[in-house]
Amino acid sequence: MVTSTTTSTLIGKNWQTKTDCKTMGGKYSKEMNEQNASDKNNDQVEFRIAKLNQVWEKAIRMQLAPVRLSELHSDLKIQEKDELQWKKLKAEGMDEDGEREAKLRRNFNFILAKYGMDGKKDTRTLDSNRLKDHDVKEGDTFDDPKLDKLWNKAKTSGKFSDEELQALQREFQHHKDKINEYNIVMDTVSRTEEIHKNVISPLEGDMKEHVLHQKHTDLKQRMRNLDQGFERLRKITHEGYSADSEFKEPRVIELWEMAKRSNLSEDELDSLKEELRHFETKVEKHQHYQEQLELSHQKLKHVEALGDKDHIMRNKEKYNTLAEKAREMGYKMKKHLQDLTNKISRNGLQHNEL
């Protein structure tokens with residue numbers, strides 16, 4: 001759990017006064033949610049929750065790469081939906097144990113860390129441009145000796161067509177992202193343990209013990225997923241893709257592997273397989289828009305260097321349209337991913353937060 005003092009370093013000096021509120025009339029109140037609108041002289045804002053707008057505005061100031069910014073927007077939209085839903089439940093007297101609130105806080109802190117906005121110098125080598133997954137180049141690395149060794153073996157094995165090699169590289173990149181996520185969660189566990197050492201109230205100690213236990217459970221599940229994912233990569237590298245491979249997108253493959261390890265019946269698996277095919281199409285469509293967004297951004301930079309105002313205006317309009325479409329597709333894709341993960345999780349699997 002991040003303290004309000006720590007949080008104030010994350011998004012700026014104004015943050016602490018908004019998150020230090022002692023009552024539920026603080027960051028979740030209508031007044032606070034609408035504060036950004038009045039601060040901006042009634043300009044349109046991206047999110048209905050003030051702290052999410054602060055994160056978004058900071059990301060724009062940081063000049064995150066377009067694809068990265070689009071991913072952040074989708075994550076914040078999911079967070080907004082979950083927080084507004086929680087607010088409604090809280091008003092109805094639910095979540096008395098604070099379980100949902102704690103999970104929302106963990107997810108929010110995860111987003112901050114994932115996009116390098118948690119006030120720490122990022123040593124996790126998060127890529128700002130996922131699109132290079134499509135370009136198979138000599139010297140590409142995954143910042144992990146085991147992954148690099150396996151990838152180099154796959155590239156030189158002669159077992160893969162160009163299309164299969166691109167698909168495999170996406171799987172390697174997805175596994176690298178999972179390692180980065182694991183490191184973020186492990187880092188937050190270390191922070192929580194430090195906070196736990198300074199507990200004074202026994203009741204507060206019990207609450208933090210509960211949060212710490214949840215974080216350790218999450219870490220163990222993520223490590224199991226990493227082990228299973230690496231074993232899959234090792235097997236494919238040695239044997240190649242089988243002719244009857246069900247899916248080709250890493251996130252879909254991961255969901256299918258999770259489903260096969262769950263308590264789903266054969267009929268339920270068949271139904272889920274069909275839904276995963278539809279989801280894979282959605283993932284591919286989102287990837288296409290991300291590619292177009294990056295290309296449009298590169299073209300816009302080129303046009304801006306030439307200085308033709310009319311040309312710049314036309315390219316800005318196209319870029320903004322693509323950015324909006326990529327965000328919309330990203331939200332739909334991540335919401336569908338969340339729903340599918342929850343569905344599988346209800347059958348005996350641990351739910352990954354993001």
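The values are calculated or read from the model by the stated rules, or taken from the named source; none is laboratory data. Computed from a prediction, not measured in an experiment: that's the story for all the values here. Methodologically, a virtual Cβ is constructed for each residue, glycine included, from the backbone with ideal geometry; neighbour enumeration extends over all protein chains shown. Ligands, DNA and RNA are stripped out before the accessible areas are found, and what is left, the full protein with its side chains, is counted by its heavy atoms. Shrake-Rupley method; radii C 1.70, N 1.55, O 1.52, S 1.80 Å.
Data table
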| quantity | calculated |
| --- | --- |
| Mean Cβ count within 10 Å, highest first, over the residues of peptides 97-107, 169-179 | 169-179, 97-107 |
| Rotationally averaged projected area of region 290-339 (alpha carbon convex hull; nm²) | 3.2 nm² |
| Tail beyond 25 Å, pair distance distribution of region 249-354 (Cα, percent) | 40 percent |
| Net charge over other residues, Cβ less than 12 angstrom from the Cβ of residue 268 (K, R count +1; D, E count -1) | -1 |
| Distance from region 80-121 to region 213-262 (C-alpha centre basis), Å | 27 Å |
| Unsatisfied cross-links (Cα-Cα over 27 Å) in the set 103/178; 81/146; 51/215; 58/316 | 81/146 |
| Exposure of residue 71 as accessible area (Å², to 10), given a probe of 1.4 Å and all protein chains | 10 Å² |
